[in-house]
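Visitor: If you scroll down you'll find the structure; I have some questions about it.
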Amino acid sequence: MDLIDIGANLGHESFDHDLDAVLARARAAGVNRLVVTGASRAGSVRALELAKAHPGMLWATAGVHPHHAVECTAEAIAELRALQAEPEVVAGGECGLDYHRDFSPRPAQRTAFERQLELATETGLPLFLHQRDAHGDFMAIMREFEGRLGPVVVHCFTGTREECYDYLDRDWHIGITGWLCDERRGRHLREFVKDIPAHRLMIETDAPYLLPRTVRPMPSHRRNEPMYLAHIVEELARDRGEPVEVTAAAATATAATFFSL
């Protein structure tokens, strides 16, 4: 298989000591291209550094996650504008709303999201978005920018069937992670991932988070890494009722087009 991991947090400190080995294992598993998530001011700089250090394999996003919304100042937007002008940066984000953890005040989250969407209207870059337990406000803000944004993917989708359909009705893309493999929290996804059109479906690990709970043998360190994307696509294909080669090829083609890889 030739796979693209559209969301890997390779700038996370857990990868500092063995990133080359992580990338080698990814290639051995068929994961030949990865988009490194930029989720904070410093994290976006680091994502770009990694992409520049591994041309042809790594690309980057640049954004401020809602957990870090308070750092999304006018100065931060200027930094993001410069980062997003770099050829290795293929999307704006990760940005959006997270009312599940509320690590940042909700008004600050909404302001940071709006500022980054406004930037996206300037750059025309695809958007790598986050939404958790904030669907109503998320949709309300997105409607304010209707017709002014480039392609959109709601990454690490964990929501309801209705939320998924809302996104598909707007021709947005859906990113599926190992959440699908969690019998406690992700079982509902298995019921409707088959409804996502192939040209709107992409796959990701969100490493080092969300290690698929069905991986065997389970690594003792519990760190997720890009090589497990092959496991995720196998589970996804089973739930979609199609050969894994079909699911993999479609997801790869969709991601390559979306991010212009």
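Visitor: For ARG81, indicate whether it is touching a helix residue (DSSP H, G or I) at 6+ places or on another chain (Cβ under 9 Å), without any contact (Cβ under 8 Å) to a residue 60 or more places away in the chain and surrounded by fewer than 19 Cβ atoms within 10 Å (Cβ to Cβ).
Guide: yes
Visitor: With ASP206, ASP171 as the choices, which residue is outside any helix (DSSP H, G or I) and over 30 Å from SER14 (Cα atoms)? Step through it out loud before you land on a result.
Guide: Numbers: ASP206 fails: over 30 Å from SER14 (Cα atoms).
It is ASP171.
Visitor: Filtering the stretch 1-29 down to residues that are crowded, with 17+ Cβ neighbours inside 10 Å and more than 17 Å from ARG223 (Cβ to Cβ), which residue is modelled with the lowest pLDDT?
Guide: Result: MET1.
Visitor: Scan the stretch 187-208 residue by residue and report those that are open to solvent by 10 Å² or more (accessible area, probe 1.4 Å) and either among the aromatic types (Phe, Trp, Tyr) or at positive phi (or both).
Guide: Within the stretch 187-208, just ASP206 meets the criteria.
Visitor: Considering only residues of the stretch 113-140 that are of a type in the set (S, T, N, Q) and more than 15 Å from TYR167 (Cβ to Cβ), which is surrounded by the fewest Cβ atoms within 10 Å (Cβ to Cβ)?
Guide: In this case the residue turns out to be THR121.
Visitor: Any residue in the stretch 179-188 that is in contact with a Phe, Trp or Tyr (Cβ under 7 Å, 6 or more places away or on another chain) and outside any loop (DSSP other than H, G, I, E, B)?
Guide: no
Visitor: Could you list, in sequence order, all residues of the stretch 70-96 that are of a type outside the set (Asp, Glu) and closer than 18 Å to ASN9 by Cα?
Guide: LEU80, LEU83, GLN84, VAL89, VAL90, ALA91, GLY92, GLY93, CYS95, GLY96
The values are calculated or read from the model by the stated rules, or taken from the named source; none is laboratory data. Note that the coordinates shown come from a computational prediction; the quantities given were computed from them, not determined experimentally. When we count neighbours, we look across all protein chains shown, and the Cβ atoms used for this are built from the backbone with ideal geometry, even at glycine. Side chains are part of the model used for accessible areas, which takes the heavy atoms of the whole protein and leaves out ligands, DNA and RNA. Shrake-Rupley method; radii C 1.70, N 1.55, O 1.52, S 1.80 Å.
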